[in-house]
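Here's the structure, in C-alpha cells; my notes come after.
The values are calculated or read from the model by the stated rules, or taken from the named source; none is laboratory data. Just so it is clear, the model here is predicted, and its values are computed rather than measured. Quick reminder, even Gly has a Cβ in these numbers, built from the backbone with ideal geometry, and neighbours come from all protein chains shown. For accessibility, only protein heavy atoms count, side chains too; no ligands or nucleic acids. Shrake-Rupley method; radii C 1.70, N 1.55, O 1.52, S 1.80 Å.
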Amino acid sequence: MKLGEMNWPAIDELDKGSVVAVFPIASFEQHGWHLPLLTDTIETTGIVDRLDARIGDRVVCLPTQWLGYSLHHMRFGGSLTATSQTHVNMIVETVDGLLEAGFERVLVLNGHGGNRADLRVAQQDLKKMHPQAQVWGASWWEVAAPQLDAIKEAGPTGSGHAGEMETSLMLTLRPDLVLTDRLHADGFRPESQYQDRVTRFLRIDEESERGNVGDPTVASAEKGERMLAAIVDSLIEVVDDILADRL
C-alpha cells in the first residue's frame, strides 16, 4: 500500500498492527560522470515499489525523502544537502507523525551511506519521545550484503559510490539516465590494515577524481535485476521478522 495514495478514512480503518510503515530516505548528490543526482532516490524508490508489489498487504510505504546528508559531495556541482540536525529532525518528525497516526512498527529504509549516522541519532531521539515505539533502520545494501557480494564481480573495492552495484541498478531501473560512454573506475583505497576499523570523515573529492568510487565498467542490467531481486527478498524477510516479533 502507498500511504500517499490513501485517504484518511481508509488509514483510520486500517489494522495498523498488521503492517509495517516503510519510510525510505535517500539523497540528491553527484554520482560521478555517468549517473544522475537522483541516483540514490531512484534506486531506493525502485526497491520500495518492488517491495510493495510483492507484499503490499503487509507494508504501507511513504514516498522517498530525497534530501539527505551529503556534505561530503558538495564540491561537485548540483549536489544538495541538509545539515545533520535538519536531517535528523526530518526523520524524527516524519516517523513521529506515523506513530501518532497509530502505526506500531516503522522501518526507515536508507538508500545513502551518508545518512547512516543521522538515522541512528534519530532512532535515539524517537526512543526518548516514544519509549514503546518499534522503529527499525536499515540500509538496503547491508540487509542483502551476502547475496549482493555473490553477484558482484569487481571485488571488494568495485562497488562503492556509483560503482559496479549502483550502476547495475540504474541500468535496470533507468537505463536512459546512464551515460555508458563515461564509465571510469575511480577512487583511492588506503593501504593500512586498520582502514576499516579506524574512522575519518572525508569528502568524496578527497577519495576520487570524478566523483565515483568503484568500477562501473563491469556493471550490467542483468546483474542489476539480480541485485534488486536479492534486496527485495531480504527486505521481505525483514518485514516478516518485524511482524512476527523476531527482530
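Miscellaneous remarks
- All positions within the stretch 167-181 that are open to solvent by 20 Å² or more (accessible area, probe 1.4 Å) and either in a helix (DSSP H, G or I) or at pLDDT below 95 (or both): 171, 172, 173, 175, 176, 177, 180, 181
- Of all residue pairs spaced 6 or more apart or on separate chains, those with beta-carbon atoms under 8 Å, a first member in the stretch 219-246 that is closer than 23 Å to residue 103 by Cα and a second member that is at pLDDT below 95 and part of a loop (DSSP other than H, G, I, E, B) are 238/247; 241/247.
- Out of 220, 234, sole residue that is over 14 Å from residue 43 (Cβ atoms), within 17 Å of the chain's Cα centre (by Cα) and polar (S, T, N, Q): 234
- In the stretch 2-35, the residues that are in a loop (DSSP other than H, G, I, E, B) and buried (at least 19 other Cβ atoms within 10 Å of the Cβ): 19, 26, 27, 29, 30, 32, 34
- Residue 83 surrounded by fewer than 17 Cβ atoms within 10 Å (Cβ to Cβ) and hydroxyl-bearing (Ser, Thr, Tyr): yes
- Breaking point among (1) at pLDDT 95 or above; (2) under 27 Å from residue 88 (Cβ atoms); (3) not in a strand (DSSP E or B), for residue 202: (1)
- Subset of the stretch 36-53 [among the polar types (S, T, N, Q) and either in contact (Cβ under 8 Å) with a residue 40 or more places away in the chain or loosely packed, with under 15 Cβ neighbours inside 10 Å (or both)]: 39, 41, 44
- Filter result (free of Cβ contacts under 8 Å to residues at least 60 places away in the same chain, open to solvent by less than 50 Å² (accessible area, probe 1.4 Å) and over 17 Å from the mean Cα position of the chain (by Cα)) within the stretch 61-78: 78
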